[in-house]
1. Give the number of residues within segment B:169-179 that are outside any helix (DSSP H, G or I) and out of contact with any strand residue (DSSP E or B) (no Cβ under 7 Å at 6 or more places or on another chain).
2. State the number of residues belonging to segment A:180-195 that are in a loop (DSSP other than H, G, I, E, B) and under 20 Å from A:Val80 (Cβ atoms).
3. Do you know which residues across segment A:225-266 are surrounded by fewer than 22 Cβ atoms within 10 Å (Cβ to Cβ), under 28 Å from A:Val156 (Cα atoms) and charged (D, E, K, R)?
4. Please work out if A:Ile146 is touching a Pro at 6+ places or on another chain (Cβ under 8 Å) and surrounded by 24 or more Cβ atoms within 10 Å (Cβ to Cβ).
5. Checking B:Gly171 against (1) in contact with a Pro (Cβ under 9 Å, 6 or more places away or on another chain); (2) within 13 Å of chain A (Cβ to nearest Cβ), only one condition comes out false. Which one?
6. Which is within 12 Å of chain A (Cβ to nearest Cβ), touching a residue at least 40 places away in the same chain (Cβ under 8 Å) and of a type in the set (Lys, Arg), of B:Arg65, B:Arg93?
7. Looking at (1) among the acidic types (Asp, Glu); (2) surrounded by fewer than 24 Cβ atoms within 10 Å (Cβ to Cβ); (3) in contact with a Pro (Cβ under 9 Å, 6 or more places away or on another chain), can you tell me which one B:Asp221 breaks?
8. Among what's in segment A:271-300 and is modelled with pLDDT under 95, closer than 22 Å to A:Gly312 by Cα and not hydroxyl-bearing (Ser, Thr, Tyr), pick the residue that is farthest from the chain's Cα centre (by Cα).
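The values are calculated or read from the model by the stated rules, or taken from the named source; none is laboratory data. None of the values given here were measured: they were computed from a predicted structure. All Cβ positions, glycine included, derive from the backbone under ideal geometry; neighbour counts span all protein chains shown.
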Protein chains: 2
Amino acid sequence: MNQKLSSTLTPLGEFALISRIAARVAPHESVITGIGDDAAVTALTAGMRLLTSTDMLLEDVHFRRAWHDPYTLGRKSLAVSVSDIAAMGGIPRWALLSVAIPSDIPLDFIDDFMRGFLELASENNVTLIGGDTCSSRSGVTISGTIMGEQYPDLIVCRSGAKPDDDIWVTGTLGDAALSLSLLENGASASYPLLSRLLDPTPRVSVALALAEAGLATAMIDVSDGILADFGHIAELSGVGGTIRSADLPLSDIFCSLTAYPSDISCRLALSGGEDYELCFTAGGSNREKIVACANKCGVAVTRIGIVTNYSGVTVLNLDGTPFTALADGFNHFT
Amino acid sequence: MNQKLSSTLTPLGEFALISRIAARVAPHESVITGIGDDAAVTALTAGMRLLTSTDMLLEDVHFRRAWHDPYTLGRKSLAVSVSDIAAMGGIPRWALLSVAIPSDIPLDFIDDFMRGFLELASENNVTLIGGDTCSSRSGVTISGTIMGEQYPDLIVCRSGAKPDDDIWVTGTLGDAALSLSLLENGASASYPLLSRLLDPTPRVSVALALAEAGLATAMIDVSDGILADFGHIAELSGVGGTIRSADLPLSDIFCSLTAYPSDISCRLALSGGEDYELCFTAGGSNREKIVACANKCGVAVTRIGIVTNYSGVTVLNLDGTPFTALADGFNHFT
């Protein structure tokens, strides 16, 4: 195959494409059989449990090719799944990647996409072990599956929050939603803000550190908005919570562009999805340990509220009155 | 939610749809945390390795809603992946299912699809542990991931075929391809033939029996056509093979409809995909054991050729001359 002639996938074909991808995957001792057999064979660490999560990204639903260059799209395709393993306190290990691609898509698109995917994999010690490739008649569809592992006692579920626990969040909120809002309104978004939407960083190291230190009672990643995502913790833990909008961590650029404090800034920070920060709960006696643990990982953490023993999530305005008229987090089909 | 009003997905919404699916999943002792957290948590059997495979099915590429009713589509969505675990000699265990669905699709479609998926899961002791649901702007896309397990010594890869091994295949070949050909040409296909295309049976029990008895040196499932799929075994084993077209197992209905023997019958049997039978290789001294093993599982097995120590796969005509002008197996993008 003369690659100079292969400007699209058609002359390359499915099996050559798979070989092309497989050749770029670094081997790992845990992978007994990787890409190329009916199924991948991997060895779990003795005593650990398997963690598994999957995400599907659809063109013009989850991403637009006009906004997402293939390299960052590749990174994000894996980042959203790695974030799920992080949110369990797990160690990311192996990924499967299925892509449906129009036959006339430039080969450069695939190469750049895979470069991004495999770079983020490498940054998180994840090995690609399999997947599927097929021709699509309507846009690019990406389905990624990630597997991780962790000792049973260190796994952090959504169901462990207890009344009077603090509610914490890493990083800043609302940046991805603000970027999306700017793009959707035809405005441009500058790079540090835009990268929060296009190239989110899964919070693996701080999640692992919190899990290994036994500091988090419940944890989730913020993909649907902090309000909806803490709501999942509250529901599964059989508790409620109060979130103080004055304490939401916001970036300087977010504050300046949304004229903080304002209703729109609160809404974006509370209900905007795709920040891929971690929301977790922890006992009040562990505050100093949590800050020290996050500092070691170079990640900011902020207490934004308190778990209650009655159900429902309340948001308090800057002046302490209840915040109303909130949008829900993102929900497909509605 | 009054379900009588929920004729499409829109009033139900994403989270209610997930709950609706989760409520139908039978629990399993190996599943510590199933649907509803950031990642599923499962416990592997001590000493076993993890087997993982994934398949994507696109509307109008892999299936047409006019041909595939949602119930059998649900079954097939899992069957094609279970077949991959079988082909490794593995025990199927857990599945992830991602679906992208137009918002206006009838809720009955999803219910029937899930009924089929979960029935085939139950038949194979597979538990659904997670997935993703999203709204699609163009047709139904299904991405299934299956995990299985097996002891290291019992796993059967594609790479173990040895010169002079017999080449075997389960069941009959070409039925699915003939069904597809009939449908594509506007003809009808009667049910026993049509079910080979729409509702294939993964050969789990015979695959496991062969693996546990140490009888198969290499194995693959026939999804791209026996010629292409044995070709994968040959390539990964560093061998070749001769396949006798006179020995290909064909169903009576296949023979009558393709006017066997004919070029078209040989081509469909050799290059037609989606039969999801098993092709495996085994030492010549094990012939009786293999037949007995397959008989116990109620599956026919047929010797169709011999592994050679030189590369390339040759097909012999009924009269022993080489068969030429073969189509390749299915290959996306070309």
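1. 4
2. 1
3. Those that are surrounded by fewer than 22 Cβ atoms within 10 Å (Cβ to Cβ), under 28 Å from A:Val156 (Cα atoms) and charged (D, E, K, R): A:Glu235, A:Arg244, A:Asp247.
4. The answer is yes for A:Ile146.
5. (2)
6. Going through B:Arg65, B:Arg93 in turn, the sole match is B:Arg93.
7. For B:Asp221, the failing item is (2).
8. Among residues in segment A:271-300 that are modelled with pLDDT under 95, closer than 22 Å to A:Gly312 by Cα and not hydroxyl-bearing (Ser, Thr, Tyr), the one farthest from the chain's Cα centre (by Cα) is A:Gly272.
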